[in-house]
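K.L.:
Below is one structure. I have some questions about it.
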Amino acid sequence: MSRTGRVIINTGLGKGKTTAALGTAFRALGHGHRVCVIQFIKGEGVYGERVFAETIPGCEWHVCGKGFVFNRERIEEDRTVARQGFALAKEKMTSDAYDLVILDELTYLPHFGFLDVEEIVAAIHDRPPRLTVIITGRNAPPELIAVADTVTEMNVVKHAFADGVKAQKGVEF
Ligand code: ATP
Ligand code: MG
């Protein structure tokens, strides 16, 4: 079978990487496609998108993180959780049960040294032909950019956070 699925990366320092991926999920679900979202790094906090996704048929959602990594003492635990998350991602990608798999914040795993980028490249290469994969996060490594079909870099023109405006419910989470 010829390949129809794409590899899409949303990277850069500006806002919109995760929400653009979820916009694509919305689009795919409208066509009756099956979607699986796996969130790395982010913890179980109340994100509106996850709460809503749990009510949508055809959309599966997994949280494989414990919050952003700031604490060196916790790094081995973060590494283990991240690697377990990637094992789940590989299982979902090879299952051929989905049209779209979103690996949210995955770029941080190779960036923090939790995962070899070649493992991600191999999983992309081995996926079923119809599967589109969207990867989000800052600092997308060049090896991932090389195998992607579509890469968008969100740049910050301005962000309210810089003016001291706190993350807002319904806008940032
Ligand atoms: P979003 O989830 O809103 O699409 P994102 O995925 O591009 O944003 P992340 O780097 O994952 O951004 O950011 C995590 C959190 O920080 C989100 O709540 C996001 O809205 C917010 N954010 C994104 N970019 C910036 C920025 N340049 N300055 C401050 N906060 C940001
Ligand atoms: Mg994000």
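K.L.:
Mind telling me which of the residues I120, I135 ends up being within 16 Å of ligand 2 (Cβ to nearest atom), hydrophobic (A, V, I, L, M, F, W, C) and closer than 22 Å to R34 by Cβ?
P.N.:
Result: I135 is the single residue among I120, I135 that is within 16 Å of ligand 2 (Cβ to nearest atom), hydrophobic (A, V, I, L, M, F, W, C) and closer than 22 Å to R34 by Cβ.
K.L.:
Follow-up. Can you name the number of the only condition in (1) away from ligand 1 (no atom under 15 Å from the Cβ); (2) within 18 Å of E105 (Cα to Cα); (3) of a type in the set (A, V, I, L, M); (4) not in a helix (DSSP H, G or I) that V37 fails?
P.N.:
Checking V37 against (1) away from ligand 1 (no atom under 15 Å from the Cβ); (2) within 18 Å of E105 (Cα to Cα); (3) of a type in the set (A, V, I, L, M); (4) not in a helix (DSSP H, G or I), the one that fails is (1).
K.L.:
Can V35 be described as touching a strand residue (DSSP E or B) at 6+ places or on another chain (Cβ under 6 Å) and either closer than 12 Å to F173 by Cα or touching a residue at least 40 places away in the same chain (Cβ under 8 Å) (or both)?
P.N.:
When the stated conditions are applied, V35 passes them.
K.L.:
So, in segment 101-135, how many residues would count as being touching a residue at least 60 places away in the same chain (Cβ under 8 Å), part of a helix (DSSP H, G or I) and more than 18 Å from R3 (Cβ to Cβ)?
P.N.:
Selection size over segment 101-135: 2.
K.L.:
Could you list, in sequence order, all residues of segment 68-125 that are within 28 Å of A28 (Cα to Cα) and within 15 Å of ligand 1 (Cβ to nearest atom)?
P.N.:
Passing the criteria: I102, L103, D104, E105, L106, T107, Y108, L109.
K.L.:
Might you check whether a residue that is assigned to a loop (DSSP other than H, G, I, E, B), touching a residue at least 12 places away in the same chain (Cβ under 8 Å) and surrounded by 14 or more Cβ atoms within 10 Å (Cβ to Cβ) occurs anywhere in segment 75-92?
P.N.:
No, segment 75-92 has no match at all.
K.L.:
Could I ask something else about it? Kindly provide the set of residues from segment 23-46 that are within 16 Å of ligand 2 (Cβ to nearest atom) and surrounded by 21 or more Cβ atoms within 10 Å (Cβ to Cβ), ordered by number.
P.N.:
Across segment 23-46, the qualifying residues are A25, V37, I38, Q39, F40, I41.
K.L.:
What are the residues in segment 155-173 that are under 22 Å from R50 (Cα atoms) and either more than 20 Å from the chain's Cα centre (by Cα) or within 14 Å of ligand 2 (Cβ to nearest atom) (or both), if any?
P.N.:
Across segment 155-173, the qualifying residues are K166, A167, Q168, K169, V171, E172, F173.
K.L.:
Looking at segment 47-57, is at least one residue of a type in the set (A, V, I, L, M, F, W, C), in a loop (DSSP other than H, G, I, E, B) and more than 16 Å from ligand 2 (Cβ to nearest atom)?
P.N.:
The answer is yes, given that some residue of segment 47-57 is of a type in the set (A, V, I, L, M, F, W, C), in a loop (DSSP other than H, G, I, E, B) and more than 16 Å from ligand 2 (Cβ to nearest atom).
Bear in mind these aren't lab numbers, they're just calculated from the coordinates by the rules spelled out. Fair warning: this is a prediction, and the values are worked out from it, not measured in the lab. As a convention, Cβ positions derive from the backbone with ideal geometry for all residues, glycine included, and neighbour counts pool all protein chains shown.
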